[in-house]
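None of the figures in this text is laboratory data; all of them are computed from the coordinates on show. What you are looking at is a predicted structure, and each value in this text was computed from that prediction instead of being measured. Here Cβ is always computed from backbone atoms with ideal geometry, including for glycine, and neighbour counts include all displayed protein chains.
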Amino acid sequence: MSAVATVFNLALTLLFIANPLLPQARPVVVIAHRGEHRNHPENTVVAYRSAVELGADFFEVDVRTTRDGQLVLMHDGRVDRTTNGHGEVANLTLAEIRRLDAGQGTQVPTLDEALDAAGSRGGVYLDCKNVEPKLLVDAVGRHRMHGRVVVYARPDFLREVLRLAPELKIMPEAVDPQVLSGLIESLGLRVAAFDARDWNAPTIAVARKAGIGLYVDRLGAADNPEGWQAAVEAGATGIQTDHPGELVRFLRERGWYR
């Protein structure tokens with residue numbers, strides 16, 4: 001190696017050490033929030049399949065438990081907003097929920113159906129709203145999806161998931177630098193979740209220093225090319241979006257899509 005190249009490489013190394021928020025070369029994961037729900041009903045099989053077809057690496061689902069212990073996908077605790085029914089998910093049986101129209105003639109899906117919808121290449125981001133860890137782990141195991149899911153939940157829930165299936169990728173909320181440092185150490189994190197509240201330089205720096213993934217929500221006002229660009233420049237390795245097709249194109253044009 002020439003003296004000039006040596007000096008250049010040393011300068012580049014020092015620059016990254018001094019500024020942990022420089023852009024990174026590795027690809028950025030696309031996460032479709034509740035599937036592709038701008039053209040399809042949210043949290044439905046058709047929305048999940050559409051997200052995969054558009055190139056999303058993951059689609060995000062919200063897992064809840066029915067009165068008879070079955071796992072279904074719905075963001076809200078009640079069925080009122082997204083179906084033609086009424087009542088709490090936890091107070092309805094699977095059969096009662098399946099009779100509801102979730103929009104455009106679709107049904108509220110089960111977790112098994114969502115895992116099937118991932119096909120051979122999609123991944124599933126499991127947002128655990130109301131579910132027992134063992135039921136969740138058992139469902140992932142039935143579909144042999146251990147390498148293609150990420151589990152988002154409270155730290156105590158994630159500890160139990162790891163006890164049952166250490167190979168699963170768990171993802172707590174980053175919260176702040178102190179909390180994230182403790183979670184990295186106690187849970188052996190490979191990735192942490194960020195939203196607008198904890199997406200800040202000090203917390204990002206903790207994740208970057210530990211070499212873990214940073215999956216950030218860019219929803220609402222930040223869900224656009226400017227917001228995506230800023231996220232990648234700050235170190236995001238995954239972006240959750242309501243515009244998966246557009247985000248895939250944006251990342252592909254810049255060489256940030258795998």
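Observations, loosely collected:
- As a rough footprinting exposure proxy, the listed residues T106, T241 were ranked by other beta carbons within 10 Å of their own, and the order from fewest upward is T106, T241.
- Sites matching GluC sites (Glu not before Pro) across the stretch 146-204 that sit in DSSP coil, with at most 15 neighbouring C-beta atoms within 10 Å: E167
- Overall Cα dimensions of the chain, principal axis frame, Å, largest first: 72, 38, 32
- The alpha carbon radius of gyration of the stretch 192-258, expressed as a multiple of 2.2 N^0.38 Å, is 1.05.
- Span per principal axis, largest first, for the Cα atoms of the stretch 87-204 (Å): 47, 29, 28
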